[in-house]
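Remarks on the structure that follows.
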Amino acid sequence: MHMRRRDPGDSLLTLPQDGARIDRLDAERKRPEWLSEVWATPGTRVLNLYGRRAKLSGNRLSYEPALGELPAGAVTLGAVDATDLPADLPGDLPGGLPGDSPQGQAAAGTRVHVVTVAHPQPTEEADPAQTTGTTWADLAFAGSQLTPVDAALLTQALAITTWHARSAFCAACGTATEVEVSGWMRRCPNCGSQTFPRTDPAVITAVLDTEDRLLLGSAHRWDTRRFSTFAGFVEAGESVEAALAREIEEEAGVVVSDIQYMGSQSWPFPRSLMLGHFAVTSDPSAARPDGEEIREVRWFTREQLAAEAAAGVVSLPTRSSISRALIEHWHGGPLEAASDAQPSRTGAAGRPAPRGQQAR
């Protein structure tokens, strides 16, 4: 097994968040008063989350002015160019951001702060006004249709609010933790331990053979038509390359080499960083499902996969996933799949995938 050296003509994957520009302002957000200053700054926008969803306004995320008192649980996401947000936002335009230098004042009005606030997921039974006629953005299904900045802000908001929901107590002593650093750290008042948002590295791989066919697998928990690439978490003390080879041999039975890194994607379900690769096997006849997680494995030519995806015989991963990006990169362009039509963007939010099964 070895990592293939990239050829000069090789290109990385094209992913939904490519080109997003978010200044996280790490130094500034460490000041205790920073979040309150940001909230009080004219032009600050709020990305409200409802469960795993955000509201849509047309084809953009719905951002709202920061009004009233600073809500509990608010987290600053950083600053973005005003031109990267919808142009018809209500409220005042920003007149410079807290902490801007005098030189920065010349560019007043070009940057906007975004803060996220998490809310319970509304149901029609509990509050019909919150759901009837509302169009929702779920990252798994609408992420590829959002602008890069919208997709990146939604990803970041989901990641940080999910971390808070799962980190209310100190892992060392069990004491309730307190939020600091504008929502980017939790401190234990009892033992003083500090906790930061975690990211779990995971490998996701498109396996090819020497004839340039693509190996995909169908998991037991999926519809029998759904096929995708192979993924799993990097275990403690393990390299990315070793995890990749182990996962593929465990799930699909093949030994791979010529590993080529293709790009990464944050996948906050709950906290994964998906590291995308291609790898090659010299023995395609060894491919077989593990029988536990994987039900079936199949080799596809480009023509076979295109025809079966268009006909609905094979269901592909959502366009927002790095798995779909790997498949379409191998194919040489977008694939039209009947499965892309569902679930709709107005449907209910999905549920987090089990460990080791994200972004497929």
Enumeration of residues in the range 237-262 that are in contact with a helix residue (DSSP H, G or I) (Cβ under 7 Å, 6 or more places away or on another chain) and either in a helix (DSSP H, G or I) or closer than 13 Å to Ser282 by Cα (or both)
Gly253, Val254, Val255, Val256, Ile259
All helices (runs of 4 or more DSSP H) inside the range 120-231 with 3 or more residues being touching a Leu at 6+ places or on another chain (Cβ under 9 Å) and of a type in the set (A, V, I, L, M)
148-165
Would you tally the residues in the range 63-84 being among the polar types (S, T, N, Q) and either in contact (Cβ under 8 Å) with a residue 60 or more places away in the chain or part of a strand (DSSP E or B) (or both)?
1
Scanning the range 49-62 residue by residue, those in contact with a helix residue (DSSP H, G or I) (Cβ under 9 Å, 6 or more places away or on another chain) and either outside the structural domain of Ala142 (by TED's automatic domain parsing) or not hydrophobic (A, V, I, L, M, F, W, C) (or both) turn out to be Tyr50, Arg52, Arg53, Asn59, Arg60
Taking the range 277-291 and the residues there that are without any contact (Cβ under 8 Å) to a residue 60 or more places away in the chain and part of a loop (DSSP other than H, G, I, E, B), the one that is farthest from Val234 (Cα to Cα) would be Asp283
Out of the residues in the range 316-360 that are at pLDDT 50 or above and touching an Asp or Glu at 6+ places or on another chain (Cβ under 6 Å), which is surrounded by the fewest Cβ atoms within 10 Å (Cβ to Cβ)?
Pro334
Would you point out which residue out of Glu249, Glu241 is free of Cβ contacts under 8 Å to residues at least 60 places away in the same chain and assigned by TED's automatic domain parsing to the domain that holds Leu214?
Glu249
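The values are calculated or read from the model by the stated rules, or taken from the named source; none is laboratory data. Quick caveat: nothing in here was measured; it's all calculated off a predicted structure. Cβ coordinates were reconstructed from backbone atoms using ideal geometry, including for glycine residues, and neighbour counts include every protein chain displayed.
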